[in-house]
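The values are calculated or read from the model by the stated rules, or taken from the named source; none is laboratory data. A quick note: this is a predicted structure, and the numbers were derived from the prediction, not measured. All Cβ positions, even for glycine, are placed from backbone atoms using ideal geometry, and neighbour counts span all protein chains on display.
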Amino acid sequence: MISLLLMLALECPVFIGAPEYVYAKVYYLHENPRGLRWVYTTPVSIESYRYIIPNIQGHPVAFEWWTRTSTAVPFTLKKLCGEVPDPVYPLIFKDGFESGDLEAWDE
């Protein structure tokens, strides 16, 4: 129960020092229309000398903050909060129930 409450209250502020390009990837447990978990990527912004707290809806389970100092270098992971879930959304019934086939239930 405590882990559920912590999950619902997950916040992940990040401090940006010198000017950097920054964006966040936000992970959720529910399924998107393609059968994967929802992942929201914020727009890239240029920030400096402040804490950033994403204005995110819903109840994310993980945040990744990615930064770079110039367009000549790739983004690197600056901070991770929570646990990034497996991207494939699990099927609830793996025994043929959705297809109407009950043969798997004879075992």
- Item | Residues (over 11 Å from THR67 (Cα atoms) and hydroxyl-bearing (Ser, Thr, Tyr)) located in the range 15-38 | TYR27, TYR28
- What is the residue count in the range 27-44 for residues that are surrounded by 12 or more Cβ atoms within 10 Å (Cβ to Cβ), modelled with pLDDT of 85 or more and not in a loop (DSSP other than H, G, I, E, B)? 7
- Query: Looking only at residues in the range 53-87 that are of a type in the set (Gly, Ala, Ser) and assigned to a strand (DSSP E or B), which one is surrounded by the most Cβ atoms within 10 Å (Cβ to Cβ)?
  - Reply: ALA62
- Task: Would you be able to say whether some residue in the range 9-26 is at pLDDT below 85, under 23 Å from ASP86 (Cβ atoms), in a strand (DSSP E or B) and in contact with a strand residue (DSSP E or B) (Cβ under 7 Å, 6 or more places away or on another chain)?
- Result: no
- Query: Which residue pairs have Cβ atoms under 8 Å apart, sit 6 or more places apart or on different chains, and have a first residue in the range 42-56 that is closer than 18 Å to THR69 by Cβ and a second that is assigned to a loop (DSSP other than H, G, I, E, B)?
  - Reply: ILE46/PRO19; GLU47/PRO19; SER48/GLY17; SER48/ALA18; SER48/PRO19; TYR49/GLY17; TYR49/ALA18; ILE52/PRO13
